[in-house]
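First the structure, which I've put down as structure tokens, then a few questions once you've had a look.
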Amino acid sequence: MACTGAPCSCGCCDGIGLATPVTLEQPPGRTTVAHRAGRRSDHLASILAALSADPRARGLATRDPTDFSVALADAAASLLDVLGFQTERVADEQYLLSTREDRSVAWLAELVGYRPQPGVAASVDLAFRLTETPGTPATALPPVTIPAGTRVMSVPDPGTDPQSFETSTDIEARASWNAVPACTATTWRPKPLDRELWLDGLATGLSAGDAILIVGGERAAAPGNERWDLRILSAVEPDPAANRTRVAWQRGLGSQWPPVLPTGEEVTVHAFRRRAALFGAAAPNARLLERTSNPLPITNHKWDNYVMEAGAAAPTRFDLDAEIAGVVEGSWVALQSSDADGSEGYTELYRVNAVSGVARADFGLSAKVSRVVPDTTESITDARFPLNATTVFCASEPLATAARPITAPVYGAVLDLAIPLAGLAAGRRLAVSGQQVRLRVIRPGFILARSGLSAIELAPGSEALVTSAPQRPLGAGLELLAPAELLSAPTVSLDLRLDDGSEGTTTFAAGAFILVPPRKDDPAVAAIVEITRVTEAVELADPLLLALDRGTVRVNANVAPATAGDTVAE
């Protein structure tokens, strides 16, 4: 109860004015909302003021905090302070500048029709390497399932903490998929214009100038079939590292070879170990021996019956100029006539049906010869194969062919691997690693254009790493170049890194560079690609844009998507 008259000295008049609600101000740019009616002291002052003004509380003349009524009022003020604080926090969540909860932002966004996407953790692709059992082929080990939620931790740098990752899906993994090499060779099958092939081993006994025969199974089964070709070798190059020998010739295989041989047809290669002539090729000039009283069979300055088979309109056999041990039944014999200028003329292939050694004396010659009965008489005429203008390739010996090496780098939308990846579905990912392909400049006149820097002339003999997939000009832009066309394309655009670290782009003409093996200190690079289809090769959703040396490529197919963090139960 308020005192009257003299100034109050007992304190009963304190707090006679209401202190709540307080005046609120909301200046611009605030990150909190002023919303509470007052703090504890404000609420206590208002309660005590209300008690002083209420006639029913005239008996409450004290303001001692230890008094039960005052203490109760203090407790109520504290409760109001807590409620005010929480109300102010709720008010903060109604505005973007002051909200502290992500879900409040989402709810506010929903008011204008926006629904945010779910949060995404940091993601990574993990390539697993399965332990192989010593002495057991990797292909014989059964597949295993790596379940979703498999935890992997990174190896931290000094002073840092390891990072945890967990796989997102189950994957099937196999030990044979740890490091699948790229296909480095393919079964040799002759194609039009081929000018080389590879033979197994180093002891082929061949040298430049020797003749080889490439014959298809159809010719072996059907006399007269044209599925064959004979070529004179221009180069024989042993490759000790791969235990094979490259042989090459100048004129590409003829048009009788279709682009693709029928499936299953056997193609064999033979070396002709001997060159011979038809009997009579070395006969002396009849003019030198002609006399009035000479009993030799010479008429009009020519030997009588100077033909393959005397008295035969269509010869069914021919005699070689010597007895040759390598000419046996089942072997191949090729007759090749010479044109007037000495160049190669008509060539025909025959298989030996029968052979015999006979003694023959004709045309002023006598010798023991091999008499050959061929499997067909096609084109065997004296006009086609004159005795003194025909070369006989004989004593054939089969040669084992080796796979054709693939020298093109690995890049693009197709991966051809050494082993099939059957069992992988679309959407699975692969980790592709290897060293970038290296080239050597062999012709002058090309420069390396560098962004913002002066161009560099590429000297013949200089080498560089190819840092991205080769492209070729197409209209005003560029398109990816097929790997097999890299060395033969009229123009090719390449991103290069020189040994001194300079990087840039150049456009080469065909034949201006060659590919060379990477150096041991060339860094390895890697990329993740996604499968769209698996057939004989692996087709990718997006092309691999690294140009990798084929011999260094390794593909890990045990790849699982993962996210950062640990699963927790709440």
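The values are calculated or read from the model by the stated rules, or taken from the named source; none is laboratory data. All of these numbers come straight from a predicted model, not from anything done at the bench. Cβ coordinates were reconstructed from backbone atoms using ideal geometry, including for glycine residues, and neighbour counts include every protein chain displayed. Surface accessibility is based on the protein's heavy atoms, side chains included, excluding ligands, DNA and RNA. Shrake-Rupley method; radii C 1.70, N 1.55, O 1.52, S 1.80 Å.
Cross-link partners among lysines for K302, C-alpha distance below 26 Å, same-chain residues fewer than 8 apart left out?
K368
Expressed as a whole percent, how much of the Cα-Cα distance distribution for the chain exceeds 44 Å?
56 percent
Put one equal scatterer on each alpha carbon of region 14-64, apply the Debye formula with no solvent term, and list log10 I(q)/I(0) at q = 0.17 1/Å to two decimals.
Taking Cα atoms of region 14-64 as identical point scatterers yields -0.59.
Roughly how big is the chain's charge dipole about its Cα centre, with Cβ charges of +1 (Lys, Arg) and -1 (Asp, Glu), in debye to the nearest 20?
About 840 debye.
Show the residues, 5+ positions off or on another chain, whose built amide H is closer than 5 Å to the amide H of L417.
C183, V538
Quick one: what are the phi-derived ³J(HN,Hα) couplings along region 240-249, Karplus 6.51/-1.76/1.60 with θ = phi - 60°, whole Hz, x for glycine and proline?
Here the 3J(HN,Hα) series is x, 4, 9, 6, 8, 10, 8, 10, 9, 9 Hz.
Follow-up. Determine the principal axes of the Cα atoms in region 373-448, then give the extent along each, sorted from largest to smallest and rounded to whole angstroms.
Largest to smallest, the principal-axis extents are 67, 49, 20 Å.
Of the peptides 547-559, 177-189, 354-366, 58-70, how do they stack up when ordered by the mean number of other Cβ atoms within 10 Å, highest first?
547-559, 177-189, 354-366, 58-70
Also, quick follow-up: Amide H neighbours of W303 under 5 Å, counting only residues 5+ apart in sequence or on other chains, H built in-plane at 1.01 Å?
Distant-sequence amide H within range of W303: A286.
How would you classify region 170-259 from its alpha-carbon gyration tensor, with a ≥ b ≥ c the square roots of the eigenvalues: rounded for a/c under 1.5, else prolate if a/b is greater than b/c, otherwise oblate?
Verdict is oblate for region 170-259.
Then there's this: Rounded, prolate or oblate: which fits region 66-140, taking a ≥ b ≥ c as square roots of the Cα gyration tensor eigenvalues, rounded meaning a/c under 1.5, else prolate when a/b beats b/c?
Oblate.
Further question: Could you tell me which residue out of L424, G84, V534 lies farthest along the dipole of the chain toward its positive end? Charges go on the beta carbon: Lys and Arg +1, Asp and Glu -1, centred on the Cα centre.
Among L424, G84, V534, the one farthest towards the positive end of the dipole of the chain is V534.
Please list, in chain and number order, the residues 5+ apart from I447 or on another chain whose amide H is under 5 Å from its amide H, with Hs placed from the backbone.
When sequence neighbours closer than 5 places are left aside, the close amide H contacts are L458, T507.
Note down the net charge around D239, summing +1 for each Lys or Arg and -1 for each Asp or Glu among other residues with Cβ under 15 Å from its Cβ.
Once positives and negatives cancel, what remains is 0.
Oh, and also: Compute the helix-to-body angle for 40-53: its Cα long axis versus the longest principal axis of the chain, expressed 0 to 90° and rounded to tens.
It is inclined by approximately 30 degrees.
Also, quick follow-up: Taking the Cα centroid of region 331-371 and of region 200-224, what is the distance between the two, rounded to the nearest whole Å?
When both Cα centres are located, 19 Å separates them.
Further question: In Å, what Kirkwood hydrodynamic radius results for region 296-389 from the alpha-carbon pair distances?
In region 296-389 this quantity evaluates to 14.2 Å.
Sticking with this one: Can you order the peptides 29-38, 229-238 by their average number of other Cβ atoms within 10 Å per residue, highest first?
229-238, 29-38
Which ³J(HN,Hα) values in Hz, rounded to whole numbers, follow from the phi angles of region 483-493 under the Karplus curve 6.51 cos²θ - 1.76 cosθ + 1.60, where θ = phi - 60° and Gly and Pro get x?
Calculated HN-Hα couplings, in order: x, 5, 9, 4, 8, 10, 5, x, 9, 9, 9 Hz.
Now for a separate question. What ranking do 501-509, 17-25, 44-52 get when scored by the average of other Cβ atoms within 10 Å per residue, highest first?
Going by the mean number of other Cβ atoms within 10 Å, highest first, we get 44-52, 501-509, 17-25.
Treating the beta-carbon of each Lys and Arg as +1 and of each Asp and Glu as -1, no other charges, what is the dipole magnitude of region 448-570 about its Cα centre, to the nearest 20 debye?
In total the dipole reaches around 300 debye.
Once phi is turned into ³J(HN,Hα) by the Karplus curve 6.51 cos²θ - 1.76 cosθ + 1.60 with θ = phi - 60°, what whole-Hz value does each residue of region 69-86 show in order, with x for glycine and proline?
5, 5, 5, 5, 5, 5, 4, 5, 5, 5, 4, 5, 5, 5, 4, x, 4, 5
With a 1.4 Å probe and all protein chains left in place, how much accessible area per residue does the chain have, in Å²?
That works out to 55 Å² per residue.
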